[in-house]
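Please read the structure below before turning to the comments.
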Amino acid sequence: MAAASPAIMPQSSENPAFLSVQGLKKHFGGVKALDGVSFSLLKGEVHALVGENGAGKSTLIKILSGVFPYDSGSISLAGEDYRPASPHDAKDLGVQVVHQEFNLLEHLSIAENISVERMPTNRFGLLDKQEMNQRARSALDAVGLTDVDVKAPVSSLGIAHRQLVEISRALQRKSRILILDEPTATLTERETRRLFEIVETIKADGVTIVFVSHHLEEVFAICDRVTVFRNGVSIGTDRISETTPDGVVQKMVGRQLAASTNDAGPSRKPGELALRLDELCTQANPSDKGISFDLRYGEIVGIAGLVGSGRTEILRGIFGVDPIRSGRVLQGGNEMRFSGPRDAIAAGIGFVTEDRKDEGLILEMPIAANMSLANMRAVSRSGLLQFSEENRRSRDGGARLKLKYGKISDAVSSLSGGNQQKVVLAKWLGRNPKVLLLDEPTRGVDVGAKAEIYAILKELARDRVALLVVSSEMPELMTLADRILVLAEHEIQGELTRPEFSEENILKLAYGQARQAGGQKQ
Amino acid sequence: MKLLKIAAAAATGLALLAGTAQADDKPVVGLIMKSLANEFFQNMMAGAQAHEEKRGDYKLLAVGMQNETDFESQINAVENFITQGVDAIVVAPADSRAMVRPLKKAMAAGIVVVNFDVALDADAKKQQNIELAFVGPDNRGGAKLAGDALGKKLGAGGKVVIIEGNPGADNANERRLGFEDSVAEFELELLDSRTAHWETEEANTVFSNMLTAHPDIQGVMAANDSMAIGVVKALESAGRDDIVVVGFDNIPAVGPMIADGRMLATVDQFGTDMAANSIDLALEVVKGGPQLEGWVKTPIELVTAN
Amino acid sequence: MTTQALSETMPNPSRFSVRSALQNAGIGLALLALILFFSVFTEHFLTPNNITNILTQITINLVLAVGMTFVILIGGIDLSVGSVMAFAAVVAGKAITLPGFGPAEAIALAVVAATLTGVACGMINGVISAYWALPSFIITLGMLNIARGAALQVSDAQTIYSFPYAFEEFGSAMIYGVPVVFLVALFLVLVAWFVLNFTVFGRLLYGIGNNEEAVRLAGHSVYWYKVAAFTICGFTAGIAAIVYMARLNISSPIAGIGFELNAIAAVIIGGTSLSGGRGSVIGTLLGAFIIGVLANGLILIGLSDFMRQMITGVVIIVAVVLDYYRAKYASK
């Protein structure tokens, strides 16, 4: 607590701290989640919280939003002691959180979701549907979703729209502090820009916004100040105008990043043909035209495109998850007919899915069990589990990916997002796949772990694995890929080679502009 | 459970449709049974069908229930029979009160109604202002026959327990009262009285526990033979051959037990003939005979080894 | 916090077993408290005879609950076990009373008939609910009716009786006051415990209960694992039928009405989550004991039937509420 907390107080006296945190500590058993956090929020500012996964941001947010009590230290909100007993309590005091993982009720309508905390009633005490729909309409209009029907079920929305519905729900109540926990993780560039416009509007209304993000360019685009966390301690607060991304990263990792993620890039030579897609059309693909491209051993092919352009469906089609309507997948010249993931895996293919929570991991189960899930034969003998072998392999797999964990028998849910993603990777690397499909491989992963994952993927390519990467982050694709296929409406709009890589070129294809102009040059 | 009822109602409907399709000038008798899962009613049903074939001068439409307490489908069956215009309804009510109102409707429609097996509640009948005779065995009297046999064997002061049928079921109540009459008459000591829901396994468990609590039990009165079998098995497991058991119904499985003395007695109420006899009585009235009155008692008989 | 791969050398099977051990300790304490209570308030409770009685009385429920544990672990439910038990008992009863067989052959025939009947019903439940991804609640509700109807049809609603003497012997045999049928049930518990904790099959059942999609995408045939879980449940219903016949020396087509609910209660009281993925068969063993001890003890202290039923209901609700808090604190 005696630790120096530099630059926590605002310099200007006419704008006193609206929320002030001093020497905050929170322990879970023997684990120090927060070990002395001090910072302050000014009224009407956009304040970024950055730090690697496990640095303590999530715990801090949960304390501010009333999920956990804190052990020691103090928090004051507008001059009064702030100690919310429950999330409900925090909301009443005007502190709203939009979580990274959504809290929407899938089968209810958008309007019902938006009003779920306080359903409007008419004078008979019955649900006032008209009022509810009106409220939802204005809430959605406020976040720019003017074309969405409030009576549609949430399950009909894409992931990006759900995010905006969550934000509109939080805004609908009078917020004094709005915490956005990685709001852009699932958004495309265009949607992110729209979100930033919304943030500016809210800020103009005098609401304080806490912005948690792994994307420093976003932090520098919209934030006024930034507080860096490392290992449960707040390292310091800076005005954005007085710092640089490099300076923030240095504070985050406590060291200089060894190599920039955007180095000269791969100088790999693609080898033999690994996979060939021939007019592949899955049942999820409404278009008549299939997808055709080649993937060679030792190369990384990126797939770009807006959310809903059919990127994930290609991977699911190859892996035998979604039934194939027409077209073929060829491996080494032979047509493969996978009746399910089991066949694809047997053919040496691995699939790092987009959604860790729903598809990639069994959160409640131990790290070791998750790592061996796709490779049960290696850790068993005639159906009996060999625990020592499983633990040995898992520890090896963890070490290879620099996994940070307590015990290999801990539940995966105890890990941070980045480390959970490493477990998913380890699960597939344990099989030494020849072809690895990856869908948003660094979603919700912090800068440090991101760089580590990139290094691993590049190493795999050097080891002659064929990688197919779907990502919404253009810098990620430009860092990793040898070439990028850009999708729109379930069709390949064009292919970019490394010299052609630029966000502008990708976006042009993704929005179908290049095609309208009669295809790209070359 | 709802599904069961819907299925039962559908089955009832189908049976009725089939029935009218081949209706001729023979009188039609609608027979409403209780649970055909109970072998007592199963046998009774078989007896009625044999009877129809033998007499050959009437048409039988029979409907069974899913379980002992499924009186809703019985009410539906009555209403369907009214719609079909049967000449007589012969019914073993699953509930002695709930069935009164629908049966009143049937009588108002000019249908001859005969109530057998379980008597409709007297108060409910008075309330609905109907007179309806009852054809059936005296469950209370029958239970007393078995209880008396036990009382005679044990003498005054004998310590007994009762294994009851489903709580709330009329025949269960009547049989318990009959056993209690014997207890009073022979000055027996009633140690405990519990339900085993007419079921063998439960009777076995419940009685084992009663025996633990009261090792000095001398006699057991079981409200049906299925439960008596469970009691006999419990006695064998406990190695007790000094305890006397009586049952009710005379199902085939207890024959050997009575023969070799593991059971003292059971009561036969000639269930196989009961529905058939009731149908005979109903047809008499349909043909212009006098209305039935009061309680037409059917025979009961004590069954022992000799 | 930055330490990588903190030293950890013990071949620790999984945190699952540690957690479930703690959980089982909680249920064990509750059972102990019940036993203590009845020992103090009734003189007959803690006697060798009564202990033998309790062991005999929980056997059928325990056997059914072992199979039920598999189904509930994958997030399913089997409402048909009571009816399937009756159907299996009736089929076996018909087999054992076939003329022209010696006692040994007749018994063997009955055992085979009962288990095959159970396995067939369970497999049908599994195949239909897994293939069309339908809720097992409704499929097994259908099977509840089918099996009951089949039992009544096959037996013509008559109690089947007069089995070979050796069969009856088996039903009432004791080893040091422990009923042999209970030992059979205990053996099933041990096999199930081994399968669930030490085999790939068991691991994947837990996985399916937690996250079916992740298991499927890892290349495992979720379909067959589900079918297997339901088949095991049907198999135990067949075993329960044999126990029923040996103990009572009859086959009744109306046997086992409501037994499914007791079996489910034992599993849930034992700490297995109704939504699947969490629980243990040792917990199920303790759960069956709690139900059995309660049924026995409440009769011994002379409580009326109706009070007894109410208290059993209260215990089920309390167990589930306690489990909620146990799960909540375990996850922190």
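Residues A:Leu126, A:Leu145: which one is crowded, with 19+ Cβ neighbours inside 10 Å, outside the structural domain of A:Gly308 (by TED's automatic domain parsing) and over 24 Å from A:Asp92 (Cβ atoms)?
A:Leu145
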Subset tally (residues that are away from chain B (no Cβ under 14 Å) and either surrounded by 24 or more Cβ atoms within 10 Å (Cβ to Cβ) or of a type in the set (D, E, K, R) (or both)) for the range C:42-76: 11
Residue in the range A:443-451 that is surrounded by 23 or more Cβ atoms within 10 Å (Cβ to Cβ), modelled with pLDDT of 90 or more and under 19 Å from the mean Cα position of the chain (by Cα) present: no
So A:Met336, is it among the aliphatic types (A, V, I, L, M) and within 14 Å of chain C (Cβ to nearest Cβ): no
Given (1) touching a residue at least 24 places away in the same chain (Cβ under 8 Å); (2) surrounded by fewer than 24 Cβ atoms within 10 Å (Cβ to Cβ), index of the condition B:Ala122 fails: (1)
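Residue-by-condition table, conditions (1) under 30 Å from C:Gln57 (Cα atoms); (2) modelled with pLDDT of 95 or more; (3) within 7 Å of chain A (Cβ to nearest Cβ):
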residue	(1), (2), (3)
C:Phe201	no, yes, yes
C:Leu205	yes, yes, no
C:Asn210	no, no, yes
C:Ala229	yes, yes, no
C:Ile232	yes, yes, no
Helices (runs of 4 or more DSSP H) lying entirely in the range C:238-332 (those with 1 or more residues that are more than 17 Å from C:Gly67 (Cβ to Cβ) and more than 14 Å from chain B (Cβ to nearest Cβ)): C:281-300, C:305-330
Candidate set from the range A:379-401 (those that are closer than 30 Å to A:Arg311 by Cα and more than 7 Å from chain C (Cβ to nearest Cβ)); member that is modelled with the highest pLDDT: A:Gly397
Residue that is farthest from A:Ser309 (Cα to Cα), among those in the range A:494-508 that are free of Cβ contacts under 8 Å to residues at least 40 places away in the same chain and not hydroxyl-bearing (Ser, Thr, Tyr): A:Pro499
Members of the range B:145-193 found to be more than 18 Å from the chain's Cα centre (by Cα), surrounded by fewer than 17 Cβ atoms within 10 Å (Cβ to Cβ), part of a helix (DSSP H, G or I) and among the hydrophobic types (A, V, I, L, M, F, W, C), listed by number: B:Ala184
Elements of type strands (runs of 3 or more DSSP E) in the range A:39-117, at least 2 residues being among the β-branched types (Val, Ile, Thr): A:46-50, A:95-98
Tabulated pairs, the range C:176-191, first under 17 Å from C:Tyr244 (Cα atoms) and touching a residue at least 40 places away in the same chain (Cβ under 8 Å), second part of a helix (DSSP H, G or I) and of a type in the set (Lys, Arg), C-beta under 9 angstrom, 6+ apart or interchain: C:Pro179/C:Arg247; C:Val181/C:Arg247
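With the condition being surrounded by fewer than 19 Cβ atoms within 10 Å (Cβ to Cβ) and modelled with pLDDT under 75, I'd like the helices (runs of 4 or more DSSP H) fully within the range B:1-95 carrying at least 1 qualifying residues. Steps first, please.
On the way: elements: B:2-21, B:39-55, B:71-84.
The helices (runs of 4 or more DSSP H) meeting that bar are B:2-21.
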Where A:Thr201 falls short, out of the listed (1) crowded, with 16+ Cβ neighbours inside 10 Å; (2) more than 22 Å from A:Gly448 (Cβ to Cβ); (3) among the polar types (S, T, N, Q): (1)
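Being away from chain A (no Cβ under 14 Å), over 25 Å from the mean Cα position of the chain (by Cα) and modelled with pLDDT of 90 or more narrows it down to one residue among C:Ser80, C:Ser39; which is it?
Values: C:Ser80 fails: over 25 Å from the mean Cα position of the chain (by Cα).
Just one listed residue meets the conditions, C:Ser39.
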All positions within the range B:206-235 that are surrounded by fewer than 24 Cβ atoms within 10 Å (Cβ to Cβ), at the interface with chain C (Cβ under 7 Å from one of its Cβ atoms) and β-branched (Val, Ile, Thr): B:Thr212
Which listed residue is in contact with a Gly (Cβ under 8 Å, 6 or more places away or on another chain), crowded, with 19+ Cβ neighbours inside 10 Å, closer than 27 Å to A:Asp343 by Cα and not assigned by TED's automatic domain parsing to the domain that holds A:Leu403, from A:Leu487, A:Leu477, A:Leu467: A:Leu487
Count of residues meeting criterion [aliphatic (A, V, I, L, M) and over 27 Å from the mean Cα position of the chain (by Cα)] in the range B:194-239: 4
Selected residue (criterion: modelled with the lowest pLDDT) from residues of the range C:267-281 that are hydrophobic (A, V, I, L, M, F, W, C) and farther than 21 Å from C:Ile138 by Cα: C:Ile269
Qualifying positions in the range A:465-522 - modelled with pLDDT of 90 or more and part of a loop (DSSP other than H, G, I, E, B): A:Val465, A:Ser471, A:Ala481, A:Asp482
Any hit, the range A:216-231, residues being in a helix (DSSP H, G or I) and touching a Gly at 6+ places or on another chain (Cβ under 6 Å): no
Hits in the range B:253-285 (condition: surrounded by fewer than 17 Cβ atoms within 10 Å (Cβ to Cβ) and either over 20 Å from B:Asp117 (Cβ atoms) or in contact with a Phe, Trp or Tyr (Cβ under 6 Å, 6 or more places away or on another chain) (or both)): B:Gly255, B:Pro256, B:Ala259, B:Asp260, B:Gly261
Residue list for the range A:329-361, restricted to those being at pLDDT 90 or above and farther than 25 Å from C:Glu212 by Cα: A:Val329, A:Leu330
Any hit, the range A:298-311, residues being without any contact (Cβ under 8 Å) to a residue 60 or more places away in the chain, touching a strand residue (DSSP E or B) at 6+ places or on another chain (Cβ under 9 Å) and farther than 25 Å from A:Glu189 by Cβ: no
Residue, farthest from A:Lys422 (Cα to Cα), within the range A:352-378, restricted to residues that are at the interface with chain C (Cβ under 7 Å from one of its Cβ atoms) and not in a loop (DSSP other than H, G, I, E, B): A:Met376
Test result for A:Lys32, among the basic types (Lys, Arg), closer than 21 Å to A:Arg169 by Cα and either within 14 Å of another protein chain (Cβ to nearest Cβ) or out of contact with any Pro (no Cβ under 7 Å at 6 or more places or on another chain) (or both): no
Search result, residues across the range A:402-436 that are assigned to a helix (DSSP H, G or I) and more than 10 Å from chain C (Cβ to nearest Cβ): A:Val412, A:Gly417, A:Gly418, A:Asn419, A:Gln420, A:Gln421, A:Lys422, A:Val423, A:Leu425, A:Ala426, A:Leu429
Only listed residue being of a type in the set (A, V, I, L, M, F, W, C) and part of a loop (DSSP other than H, G, I, E, B), chosen from A:Val321, A:Val301, A:Val329: A:Val321
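The values are calculated or read from the model by the stated rules, or taken from the named source; none is laboratory data. Owing to the predicted nature of the structure, the values given are computational and were not obtained by experimental measurement. Cβ sites come from the backbone with ideal geometry, for glycine too, and all protein chains shown count toward neighbours.
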